[in-house]
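J.: Would you mind keeping the following structure in view while I ask a few things?
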Amino acid sequence: MKSKIPTFKGKSFNCPNCGAFSHMDWQKLHIGNTFNISLYWESRCSCCNKSSLWRVTVYRTMPVVAGIEKNKNARIDQSAELLYPDIGSTPLPANDMPDDVKDDYIEAANIFSNSPRGSAALLRLALQKLCVHLGEKGKDINTDIRSLAKKETIPPSLIRVADTVRLTGNNAVHPGKMSDEDRDYVASKMFSLINLIVVKGITEPKEIEELYEMTPEGPRKAAEERDAESKISK
């Protein structure tokens, strides 16, 4: 399932806090009776119950001709920018990303524009945790990525991606040794790399298993027997 980016007054999208595709409840923020003066809105996720803060950027006014407000204008808010959490241009976390990995991923997205160094460090931690979820030790990214590729948990081509992001091979760099250019590049590409590993290592196997479980029991058992015989013959 593709992610749906947060949009002003959108009924449902991937929450910038928890990443889940969820219904959003909207409320205009105001102080006292100055309802129409406020330029801020709150969207609350029905999944994690956390709020996001939006600031109106485009609006239009129209006269209100009834009641005591006849000399004032009503404002219709048309567009707004997401202020918090500040996910910027980073991709939303993949739907099946484990919660502890997602926490680091979202925190990295929130600080990316202000601290690429901190973002890169958090993403490395998230990737290590993800490797543990996929059965690796989580101590060395280079070793874990190559092991996952060897076991075909992820495509071998992802090793090349990790190499270009300077996480593995001879190009691997470490947080304390990265230049400013390294930090910007590593952090910006790691968001997509982590999502790819989640999709290939978690989402696709889960979808295949769900599809397999939908097949009739007879063909399933026959396929399992053939698979077992094949392993014995090897």
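J.: Taking the Cα-to-Cβ direction at L196 and at Y212 and moving 7 Å from each Cα, how far apart do the two end points lie in nm?
T.: 2.5
J.: Taking a 28 Å limit on the Cα-Cα distance, which of the listed pairs K129/K150; K102/K139; K129/K221; K50/K150; K9/K129 fall beyond it?
T.: Exceeds cut-off: K129/K221; K50/K150; K9/K129.
J.: How do 126-134, 139-147 rank on mean C-beta neighbours within 10 Å, highest first? Write out the running numbers ahead of the final one.
T.: Values: 126-134: 21.0, 139-147: 17.1.
By packing density, highest mean first, the sequence is 126-134, 139-147.
J.: Going from most exposed to least, what order do W41, W54 have by accessible area with a 1.4 Å probe?
T.: W41, W54
J.: Would you calculate the separation in nanometres between label points at H30 and K4, each defined as 7 Å from the Cα along the Cα-to-beta-carbon direction?
T.: 2.8
J.: I've got another one for you. Give the Kirkwood hydrodynamic radius (Å, one decimal) of the range 72-162, defined as one over the mean of 1/r across all pairs of different Cα atoms. If you can, show how the numbers build up before the last one.
T.: Numbers: mean 1/r = 0.0661 Å⁻¹.
About 15.1 Å for the range 72-162.
J.: Something else: Enumerate the amide H contacts of S12 below 5 Å, restricted to partners 5 or more residues apart or on another chain; note that Pro and chain-start residues carry no placed amide H.
T.: Residues meeting the criterion, in which the H sits 1.01 Å from N, are M24.
J.: I want the local charge near Y84. Using Cβ-Cβ distances under 15 Å, sum +1 for each Lys or Arg and -1 for each Asp or Glu among the other residues.
T.: Numbers: positive: R44, K50, R55; negative: E42, E81, D86, E107.
Net charge in that neighbourhood comes out at -1.
J.: What FRET efficiency comes out for A222 versus H23 if R0 is 45 angstrom and r is the Cβ-Cβ distance? Round to the nearest 0.05.
T.: 0.55
The values are calculated or read from the model by the stated rules, or taken from the named source; none is laboratory data. Just so it is clear, the structure is predicted and the values come from calculations on it, not from any experiment. Note: ideal-geometry Cβ built from the backbone for every residue, glycine included; neighbour counts use all protein chains shown. The area values use the complete protein model at the heavy-atom level, side chains included, leaving out ligands, DNA and RNA. Shrake-Rupley method; radii C 1.70, N 1.55, O 1.52, S 1.80 Å.
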